[in-house]
Amino acid sequence: MDSLRNTSVYHELQKREAEGRPIRVGVVGAGATGRAIALQLGTPVPGIRLAGMSNRTPKHAERAFREAGIGEWKAAEKPSDAEASIAKGVPVIVDDPNVLTRCNGIDLIVEVTGTVDFSASVALDAIGHAKPVVLVNAELDSLNGPILKAKADAAGVVLTHTDGDEPGVAMTLFRYVQTVGLRPVAAGNIKGMVDYYRTPDTQRDFAARNDQDVRKVTSFADATKLSMETTVLANATGFGVARRGMCGPACGYVRELAKLLPSEAMLSGGIVDYSVGAAPHTGAFVVVHEENPYKKTQLAYYKLGDGPFYVFYTPFHLPHIQLPSTIARAVIHRDPTVAPLAGPSCEVVTVAKRPLKAGERLDGVGGFCAYGLIDNRAAARAGNALPIAMSDDCVLLRDVAKDEVVKFSDVRMPPSRLRDELWAEQQKRWPAGTATGGRVGQKSPDLVAAE
């Protein structure tokens, strides 16, 4: 009798490596995260190759290749040129991402620019050319992820966020506890700090020391990126939030969340949330609920606490290192690591960092004007809240108080952008008030700062 085929991701990648047919990856974006990804893929990962990189400033892609130890590459202006070079084992650098999305020598696109309109155009072109897409881009995914996922489904390709970023780490753990028969009721991030009022000025030195974009670093600190990441997770699980901005309890150890998160909210549909300052200080968690007295005895014996809520956690998140798992799962098993279930469960709304005056132009994610907070989709639409990823270049029509949510009616929108068109299509497909898998109909209280 033939031996059973081993279909594990590791085995399939080893097989591809031995057969000389690795998964050929095109990366769009050569910022700090893009360079880290290039380093991981270029070293290389067995069964996966970095075949191309796109950046509007090619010298940044060249830097990424050099840091990855890639000594030879070629510039390409057309998909056919890129395909010919990749076939010879020589990766390409391009300034037009469509050269990669339309190249037959590329099997999958990783989008890592942190933009919204540009990245949406890249994702749509890749989907239109039957290529799976990995978004290392919470800005786009939290705003337009559901409609992009619907388009990917219609095209028969995978669209997924990545393992290694907190939504993927949490979702991988979430799926595991489901697989072993446990009931997840909460999931989220382990954060070191949150300060809504950080600005590029306060974060400039940190950004420079770590070779990071200052606006991105600001979004890490002011809760915007946290809210985007938990929105990606909420849309993938169908969970909501207990209140706008989440509860975010401070504690010394992540397992203390079992007694600190609101039990009623967890049991009435599930929530995404976060801890502040809790060991292990990074990674993601999932809370499960168990009432069976015999199972509770066993869980206590194995040091998980007295219940009925139990916290499982992953003590790391390493986007550049864990990304290959998402790439392999998408190509080999057509399995998205984390993707919307259907329509949006949550959104990230725009909240003023300071008193804003009529006539001011909002400066978007990681700026001086506003921070983003996650809210339940039903509450956000009932309040006509402006999503933070749509806020840049909007001009205020009235004064807005500090910590007040900015509404669509408060601003003059810029000329129509791709994100706006996708947003409108998303609203039409899943009208506000229509159940899409989250805590639809829950009212959101006024802003409550993280503990």
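Of the set (1) in contact with a Cys (Cβ under 8 Å, 6 or more places away or on another chain); (2) crowded, with 23+ Cβ neighbours inside 10 Å, all apply to Ile388 but (1).
Screening Ile327 with (1) over 24 Å from Arg243 (Cα atoms); (2) surrounded by fewer than 24 Cβ atoms within 10 Å (Cβ to Cβ); (3) not charged (D, E, K, R) gives one miss only, at (2).
Scanning segment 98-150 for residues that are farther than 23 Å from Ala234 by Cβ, charged (D, E, K, R) and open to solvent by less than 20 Å² (accessible area, probe 1.4 Å) turns up just one, Lys131.
Taken over segment 48-63, the criterion of being more than 22 Å from Val331 (Cβ to Cβ) and among the aliphatic types (A, V, I, L, M) is satisfied by Ala61 alone. Just one of the listed residues (Thr199, Thr224) is touching a residue at least 60 places away in the same chain (Cβ under 8 Å) and within 17 Å of the chain's Cα centre (by Cα), and it is Thr224.
In summary, Arg56 fulfils each of the numbered conditions (1) in contact with a Ser or Thr (Cβ under 6 Å, 6 or more places away or on another chain); (2) charged (D, E, K, R); (3) surrounded by fewer than 16 Cβ atoms within 10 Å (Cβ to Cβ) with the single exception of condition (1). When we screen Leu304, Leu362 for residues that are free of Cβ contacts under 8 Å to residues at least 60 places away in the same chain and in contact with a Phe, Trp or Tyr (Cβ under 7 Å, 6 or more places away or on another chain), the only hit is Leu304.
When Arg198, Arg244 are checked against the criterion of being open to solvent by 30 Å² or more (accessible area, probe 1.4 Å) and more than 30 Å from Gly29 (Cα to Cα), Arg244 stands alone in meeting it. Here no strands (runs of 3 or more DSSP E) wholly within segment 74-160 include at least 3 residues being basic (Lys, Arg) and on the phi > 0 side of the Ramachandran plot. Of all residues in segment 160-173, those satisfying the criterion of being touching a Pro at 6+ places or on another chain (Cβ under 7 Å) and open to solvent by less than 10 Å² (accessible area, probe 1.4 Å) are Thr160, His161, Thr162, Gly164.
The values are calculated or read from the model by the stated rules, or taken from the named source; none is laboratory data. None of these values were measured; they are calculated from a predicted model. Cβ sites come from the backbone with ideal geometry, for glycine too, and all protein chains shown count toward neighbours. Areas reflect the complete protein model, heavy atoms only, side chains present, ligands, DNA and RNA absent. Shrake-Rupley method; radii C 1.70, N 1.55, O 1.52, S 1.80 Å.
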